[in-house]
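Shown next, in structure tokens, is the structure this report addresses.
The values are calculated or read from the model by the stated rules, or taken from the named source; none is laboratory data. Computed from a predicted structure; not experimentally measured. Backbone-built Cβ (ideal geometry, glycine too); neighbour counts: all protein chains shown.
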Amino acid sequence: MMSMKKFLTSFAFMLLCTAGAMAQGKQAEEADAAFKKGFFTEAIELYKKAYTTEKKASEKATLIFKVAEVYRTMGDGENAQVWYEKANKAQYPDPITYFYIGEALKDQGKYADAIAAYNKYKEKNPGDMRADASLASCQQAQAWVDAPTRYKVDPEVLLNAPQYDFSAAFSDKKNSDVVFASSRPASTGTETDGILGESFTDLYSSSRDKLGKWSEPVRLPPSINTAGHEGSATFNSKRNVMYFTRCPHEKKKVYGCDIWMAKTVGVNYNEPVMLPLRPQQAKDDTSVVTFGHPTLSPDNRILVFSSNMKGGKGGKDLWMVNLDKDGMPTGQPTNLGSEINTAKNEMFPFWRENGDLYFTSDRPAGMGGMDIYRATKTGDNAWGNAENMKSPINSAADDFSIIFDGGEDRGFFTSNRPGGKGEDDIWRFYVPDLVFALQGVVKDKVTGEPLPDAKVEVVGTDGSNFSTLADANGAFNFEEDGKSRYIKENTSYSIRASKENYLVVNDQVTTVGLSESTTFVKEYLLQPAAKDVAIALPEVQFELDKASLTPEGKDSLQVLYQTLIDNPTITIELAAHTDTRGSDKYNLTLSQNRAQSCVNYLISRGIDPVRMTAKGYGETRNRITDAEIAKMATTAEKEAAHQKNRRVEFSVKSFDYVPKANQEGTGTN
């Protein structure tokens, strides 16, 4: 697939010197001249014709390499790869072919293959550090593909044609109308562009209805569109002035582009005027200077644009110039500096309402082709910290010319990635709403059976409060709340599951920090708590023949502590039991002291002593009798049985305790 790079000689002119010696012969010289002027289609045909008549093998290899160079300049990675590989087979001597094969593979998103090609180049030319930088960028690009940002992207089908469609700009205050550039067949002019090999580009307009459907694009009037190229427009905040790029055309000649301004009159435009940005050139200066890709500051007082004028950092740079009350430049343009510009090309700027500056660059650290970057404001009309927008805004293809819909995190950009209608297409991007839900089931902890009509209450840190009763299967579900959602972004929720004659279960979920839609699925197991029915606790350990709690024993009591906190209206009996070894009187006293130690510890944690009764049962309520233990075959089995008899458990005595304000759970462990 051809790319936007094919346009660069028209919209942001690029003079490239090809590697190797200039080809010999008349046709080869004509091909070199066509290539230098940017007439790529013609250059390819001339190089191929020169190849058929060339006898010398080394010159044939050079001609093949030149064809690859043209395709690379055009941004046609697939054909560039093919012809560089042909150059290798033809014994072209410079190993740079392997580096450019890597670049072509990278531009196709074949990062693993590109890495192999770069490594091959390193073997043949170990002193070139470009290979290391390209290897690193491939690895980074793959990481971005594997972990994309939250943006979603889709082609804007109704705006696109099989030809080039690019650089949408909002043309009304509601941002429901756009103007964009296209080379579709209806464009003005009958000639074929020597660079593109197809129609010249014109500006088109389209409107979006309330349902989001775009109207059939209509070409802007002849006062705007000419037989040359028109493209990359922007509008002031009132949407009554348009700045756009125009590139004149004369057969076999190359001109730079300029920025023009036209005021709107209803749906029509006044005759445009060219902005006087072009510097005075010496008569012997044959360089082609170009200006394009305008964007305006939110207050319409500054114009930012792309140009290869002298004084930049290399390639095309971003510049800015002040505008007077009539919207015309005043003073000299200023380069945005090395925080934004590099030795490569910086183009297609967009000044967002929040002050961020977005632009496109083909700097080496991207994902392939051209990438979109965001720079944050660092001062008055100054930006820095340029950051790649990553996948899926960027891809291995050419991605450029982003615009935002006011303050919303959505808008349009241009890409020639697969999935469009062909060539460059306009794509929309947006951040989908994060969708959260809470669902689950409530069950009896002992039987595993569902608990119909169990109550599930939820309280959010945003002040929300909602509840439901579990259905016949014990299930509950919090999803849509009318047009809203129960569970929202950046919010934490406390959950309480309860049912009469059961202990409460408390839980928490949070959406804070989550970047993907999530459904929280929970299973709440409620402990039956009928009066005077014993409930086992984790093993509470004591020192041998003592009532003192060990640190491990205190940890085990955390379950009971949390149960009392979660169920603030219950009172309990805390019972301690011993095995049958030792006298009845000794065991009764020891168990009572141990039960009291547990209660005392819970009191130290802030539990009201009125809620707890300590009771030692000694060996009077053994789970396993001495007769049953005597029949056991091994000492280990007998010890395990005695251990089951040595236990601490509790039972609910009432459910109607009235908590005292600010008392429960104030102690420390």
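Mind listing whichever residues of region 367-388 are among the charged types (D, E, K, R) and in a loop (DSSP other than H, G, I, E, B)? Steps first, answer last, please.
First, pick out the residues of region 367-388 that are among the charged types (D, E, K, R): 371, 374, 377, 380, 387.
Matches in region 367-388: Asp380 only.
Filtering region 278-296 to residues that are crowded, with 19+ Cβ neighbours inside 10 Å and part of a loop (DSSP other than H, G, I, E, B) leaves only Thr290.
For region 520-558, filtered to residues that are out of contact with any Ser or Thr (no Cβ under 6 Å at 6 or more places or on another chain), surrounded by 14 or more Cβ atoms within 10 Å (Cβ to Cβ) and of a type in the set (Gly, Ala, Ser), the residue that is nearest to Tyr502 (Cα to Cα) is Ala529.
Of all the residues in region 156-182, those that are of a type in the set (Ser, Thr, Tyr) and surrounded by fewer than 19 Cβ atoms within 10 Å (Cβ to Cβ) number 1.
The criterion of at least 2 residues that are among the aliphatic types (A, V, I, L, M) is met, among strands (runs of 3 or more DSSP E) falling completely within region 417-521, by 436-444, 455-460, 492-498, 505-510. For region 599-647, give me the residue count where each residue is of a type outside the set (Phe, Trp, Tyr) and outside any loop (DSSP other than H, G, I, E, B). Going through region 599-647 one residue at a time, the tally reaches 31. No other residue among Gln108, Gln140 is within 29 Å of Asp433 (Cα to Cα) and not assigned by TED's automatic domain parsing to the domain that holds Thr245 apart from Gln140. Taken together, the residues in region 333-366 that are part of a loop (DSSP other than H, G, I, E, B) and within 14 Å of Gly75 (Cβ to Cβ) amount to 4.
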